[in-house]
Amino acid sequence: MKYNRVVIAAIASVAGLVFSSGVSADSSRTSSGNSGDYLSVLLIGGVSAVDDVTTSTGTLQLRNDADEVGAMGLTLGYNWAKKGLPIRSEIEYHYRARFDFDTRVIGSAGYENQLSTHALIANVYADYQMNDRWALFAGGGLGWAQNVSDVARVPIGAGTKTELVTRKDNFTWNAALGVIWSFAKNWDAEFRYRYIDLGEVESGPHIDGTTIRAKSYTSHDLILGLTYHF
């Protein structure tokens, strides 16, 4: 958690520097020939973890609480450089899967959770245009995330395996920084690091009354984006 706070503070500092610097060069992203609207496709890879895991019954044993996940997303945004402001605002949707989150209640059963997430986020970024090809940016966003726990409960010893899907709606937030490469007219490639908090995870109650909860689900994401400017 201390490491996460350091990362967030560093991103906030970079965002302040970027915003105070403003736009220093023109590019196809900021030219009058574009409307300011853009559409991006995102490929996301994340190193993810759940924390503060508890059970409503028995003694919990963590089998796997960290995993690498993949996601795909879309964003629709507007570049306010058209109005003289070095910022962008956008709406992002992404779907991430699958996080293998496995626990066991000692002497009772194992719980194998294939965790996935739907997220809808409003992001704002400050841009610093270094030249006509390259720009730096930093910012973050707030939104909604639904963590979907698809769990197989496997009894220890005798018993029948059962399955349960539980959905948990959450507030989500993120902080990010990255670089944009304008490689062709109206086209950009984006490389971004993001820290994201996706909220709580819950599974249950299961057939024996057990509910498994994690107070936080976080991820360090690396994102590759492809953007078209209208």
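The values are calculated or read from the model by the stated rules, or taken from the named source; none is laboratory data. Please read these numbers as outputs of a predicted model, since none were measured by experiment. Because the Cβ atoms are built from the backbone with ideal geometry, glycine has one as well, and the counts that use them run over all protein chains shown.
Observations on the model:
- In the stretch 107-124, residue farthest from ASP169 (Cα to Cα) [restricted to those that are in contact (Cβ under 8 Å) with a residue 60 or more places away in the chain and in a strand (DSSP E or B)]: ALA109
- Residue count for the stretch 91-109, restricted to those that are farther than 11 Å from ILE212 by Cβ and out of contact with any Phe, Trp or Tyr (no Cβ under 9 Å at 6 or more places or on another chain): 12
- Some residue of the stretch 129-140 being free of Cβ contacts under 8 Å to residues at least 60 places away in the same chain, touching a Ser or Thr at 6+ places or on another chain (Cβ under 9 Å) and over 22 Å from LYS168 (Cα atoms): yes
- Any hit, the stretch 4-21, residues being within 24 Å of GLY225 (Cβ to Cβ), in a helix (DSSP H, G or I), modelled with pLDDT under 95 and aromatic (Phe, Trp, Tyr): yes
- Of the strands (runs of 3 or more DSSP E) that lie entirely inside the stretch 130-230, those containing 3 or more residues that are aromatic (Phe, Trp, Tyr) span 134-155, 162-184, 187-197.
- Within the stretch 177-191, considering residues that are touching a residue at least 40 places away in the same chain (Cβ under 8 Å) and over 14 Å from ASP132 (Cα atoms), the one surrounded by the most Cβ atoms within 10 Å (Cβ to Cβ): LEU177
- Filter pass, ARG104 being surrounded by 18 or more Cβ atoms within 10 Å (Cβ to Cβ), in a strand (DSSP E or B) and not polar (S, T, N, Q): yes
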